[in-house]
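K.L.:
Submitted below is the structure of interest, expressed as structure tokens.
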Amino acid sequence: MQTKYKNILYYLCLGLIFLLGIFLRTKMYFISNVFEDDECRLAITLLDKNMWQMFLPLLDAQSAPPLFLCVEKFITYIFGYKEQAMIFVPYAAGILNLFMIYKLASSYFKKRISVLISVFIFAMSGPLILFSTIFKQYSTDVLTGLLCLYYLPKINIKELNLKKHILLGMILIILPFVSLPSLFFIGAFFILNFKDSPKRIISLLAPFVIVMSAYYFFNLAPSKANLDYVFPDFWVDGFLSLSFKDFIRLMLVNIKFDFIPNTLSLFSLILLFWGAVLCVLERTNKTSIFILTTACLVLLASFINVYPLLGRVGLYSISMFLLLMLKPLDTYDFKHPAFAVALICVILSFCQYDFAHIKHMMDPETRVKYSSRHLLEIIKEKYNPKTDAIICNSASTASYIFYSSKLEFYPENAFEMRAKPDTHEAVFKYLNSLKKGQKFWFYLVKDYSMCPIRPFILEWAQEKEILYIKQERDSAIIYLQN
């Protein structure tokens, strides 16, 4: 009878966590009706390209898995270029992630408390909620990582018949076209199975390398070159060096990002290294060895500057971090002193998943802090084609192009402000060269943190005749007489 009540309590807690996680993601989905600059760039790509072109470089500093884009393109064929339609795939992935972390945790951990805590942390993670409604591939990256962690360690390649062997090869080839970080998990699969089945692994590896080489030369390499051209030194962090201090810093940066808003990251770091040591000692657990091998490949890619481990592009690793961090809690008996230490570390690491966090995740401004569409609607209503021109700072151009197409607003006198270098003198030189007597709308939705120019524009505008100004959230439009 006591076991029955424990089961009821366990599944009741699990159900409440699922409901909370689904509610927060669904709430965020319905309030996500405005795209940011990066999302607008990708949306413009969908507008301009057909499905076959998704397998080629996207340009405009954009890169996304081709099959992810093809699915998105298909959805827009049916529902149109609506924000809710385009974020449906990340949203659906975000919901599926909750069930996959449960399946993964329940198959990996021995204790139900470890399963409940892992699902709760995953359900409440700010970035996971946020990116489940952002028009990018990061939510599907997380889902792909979970699927790989759950299924790949279970595959016994020796027991596969020819049909299943061919099917596995096809799935492994397809995965990177859905999620690029799947390469780390696939690499771990090849490494761990090579000793026992070298011939079978080579038969899978040969076509995989050929296809991935083509993918690299025709898509990834040109996309990286374009990103470096448009945004020089965009990825200046996320890469390891030989410095142990730098390694610790990078781990802390990722922990802080993955588990926002929690800030007591020292305890999380202790759990992470503690769990890694336990996984090394536990040589018989295939999933533990798979996690460690995958993590080594991730760190190697970061060390040789191939793929950064930082923030949103490292979200796929959150499931590995979580399993390692809760490993100490799951390893020791309840009466063991180490269990109490691990439990204290877990509580201190994630104590800020509270009602304030839930309230924050339900706030519309948590999703988008800009008013790109509404401000452009104002410009459209007031725009005089005979006297007016529109100028966007570079960080606002993508938003202007996307929302002007949605509003069917195509003025001829619309320009992107390009001032290089992005200094006070260069910006003022550009602004002072504008046509005298002309009226200008400045569309200032966003500014790049690495090279802000909006403060210079606002300073220059103070000396002009301001005809209209509207500030909304972190965005602004200014109408002035030059």
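K.L.:
May I ask for the percentage of alpha-carbon pairs in the stretch 372-481 that lie more than 18 Å from each other?
P.N.:
Result: 44 percent of Cα pairs exceed 18 Å.
K.L.:
Over the stretch 2-364, how many percent of alpha carbon pairs lie in each 10 Å bin up to the one with the longest distance?
P.N.:
5, 23, 33, 27, 11, 2, 0
K.L.:
Further question: 222 nm [θ] for the chain, helices only, -39500 (n - 2.57) per DSSP H run of 4+, per residue, to 500? Working shown, then result.
P.N.:
Values: 23 runs with 298 residues, N = 482.
Counting only the DSSP helices, I get -19500 deg cm²/dmol.
K.L.:
Could you give the length gained on full extension between residue 52 and residue 71, defined as 0.36 nm per residue of separation minus the Cα-Cα distance, in nm? Mind showing how you got there, number by number?
P.N.:
On the way: separation 19, 0.36 × 19 = 6.84 nm, distance 1.19 nm.
Difference between extended and current length: 5.6 nm.
K.L.:
Viscosity 1.306 mPa s, temperature 10 °C: give me the Stokes-Einstein translational D for the stretch 157-241 in µm²/s, with Rh taken as the Kirkwood radius over C-alpha pairs.
P.N.:
107 µm²/s
K.L.:
What FRET efficiency do you get for residue 107 and residue 209 if R0 is 22 Å and r is their Cβ-Cβ distance, rounded to the nearest 0.05?
P.N.:
For residue 107 and residue 209, the calculated efficiency is 0.10.
K.L.:
A further question on this structure: Taking the Cα centre of each part, how many Å lie between the stretch 120-173 and the stretch 269-314?
P.N.:
Cα centroid to Cα centroid, the span is 16 Å.
K.L.:
Then there is this: If you average the alpha carbon positions of the stretch 406-449 and of the stretch 82-103, how far apart do those two centres end up, in angstrom?
P.N.:
Each part's Cα centre sits 38 Å from the other's.
K.L.:
Please list, or write none, the aspartates and glutamates whose alpha carbon is within less than 14 Å of the alpha carbon of residue 136, excluding same-chain residues fewer than 8 places away.
P.N.:
Answer for residue 136, where 14 Å is the Cα cut-off: 36, 37, 38, 39, 72, 83, listed by chain and number.
K.L.:
So what's the projected area for the stretch 47-92, the Cα convex hull averaged over all directions, in nm²?
P.N.:
Orientation-averaged projected area of the Cα hull: 3.3 nm².
K.L.:
Also, I was wondering about something else. How far, in nm, would the chain grow between residue 382 and residue 296 when pulled straight, counting 0.36 nm per residue and subtracting the alpha carbon separation?
P.N.:
25.3 nm
K.L.:
Another question, if that's okay. Note down the nm distance, to one decimal, between modelled labels 7 Å out along Cα→Cβ at residue 216 and at residue 333.
P.N.:
My value for the distance between the label points is 5.1 nm.
K.L.:
Straight distance only, please: which lysines reach the Cα of residue 245 with their own Cα at less than 25 Å, same-chain residues fewer than 8 apart left out?
P.N.:
256, 327
K.L.:
Measuring from a point 7 Å past the Cα of residue 415 along Cα-to-C-beta, which residues in the stretch 439-470 have an amide N at less than 12 Å?
P.N.:
439-441, by backbone N distance to the label point.
K.L.:
Taking GluC sites (Glu not before Pro) as candidate sites, keep only those in a DSSP loop with at most 15 other Cβ atoms within 10 Å, then name the longest stretch of the chain containing none of them.
P.N.:
1-281
K.L.:
Provide the gained length on full extension for the span residue 469 to residue 280, in nm with one decimal, where the gain is 0.36 nm per separating residue minus the Cα-Cα distance.
P.N.:
That pair, residue 469 and residue 280, stretches by 61.9 nm at full extension.
K.L.:
To make sure I understand, if each residue's beta carbon is the centre and we count other beta carbons within 10 Å, what order do 351, 345 fall in, fewest to most? Spell out each step's value before the answer.
P.N.:
Details: 351 12, 345 21.
Result, fewest neighbours first: 351, 345.
K.L.:
What residue among 303, 351, 220 has its Cα farthest toward the positive end of the dipole of the stretch 2-364, where the charges are +1 on Lys, Arg and -1 on Asp, Glu, each on the Cβ?
P.N.:
Projecting each Cα onto the dipole axis, the largest value belongs to 351.
K.L.:
While we're here: Translational D (Stokes-Einstein, µm²/s) of the stretch 19-118 at 20 °C and 1.002 mPa s when Rh comes from the Kirkwood sum over C-alpha pairs? Don't jump to the answer; show the numbers that get you there.
P.N.:
On the way: Rh = 15.5 Å.
For these conditions, the coefficient is 138 µm²/s.
K.L.:
So how long is each side of the stretch 387-435 along the principal axes, counting just the alpha-carbon atoms, biggest first, in Å?
P.N.:
Cα extents, longest axis first: 36, 24, 9 Å.
K.L.:
Fewest Cβ neighbours within 10 Å first, please rank 154, 256 accordingly.
P.N.:
With the sparsest Cβ surroundings first, the list reads 154, 256.
K.L.:
With θ set to phi - 60°, apply the Karplus curve 6.51 cos²θ - 1.76 cosθ + 1.60 along the stretch 391-405 and write out the HN-Hα couplings as whole Hz, x wherever there is a Gly or Pro.
P.N.:
10, 10, 6, 4, 6, 9, 5, 4, 4, 5, 5, 5, 7, 5, 5
K.L.:
While we're here: Between the DSSP loop rule and a limit of at most 13 other Cβ atoms within 10 Å, which trypsin sites (Lys or Arg not before Pro) in the stretch 373-455 are left?
P.N.:
Qualifying residues, ordered by number: 386, 418, 435, 436.
K.L.:
How would 397, 45 line up from fewest to most surrounding beta-carbon atoms within 10 angstrom?
P.N.:
By the 10 Å Cβ count, ascending: 45, 397.
K.L.:
Once you put a point 7 Å from the Cα of residue 247 and another 7 Å from the Cα of residue 163, both along the Cβ direction, what distance in nm separates them?
P.N.:
My value for the distance between the label points is 4.7 nm.
K.L.:
Compute the FRET efficiency between residue 82 and residue 423 as 1/(1 + (r/R0)^6), taking r as their Cβ-Cβ distance and R0 = 45 Å, and round to the nearest 0.05.
P.N.:
With a Förster radius of 45 Å, E is 0.70.
All of the numbers you see were taken from the coordinates with simple rules; none came from a lab. Not measured: the values here are computed from a predicted model. Note: ideal-geometry Cβ built from the backbone for every residue, glycine included; neighbour counts use all protein chains shown.
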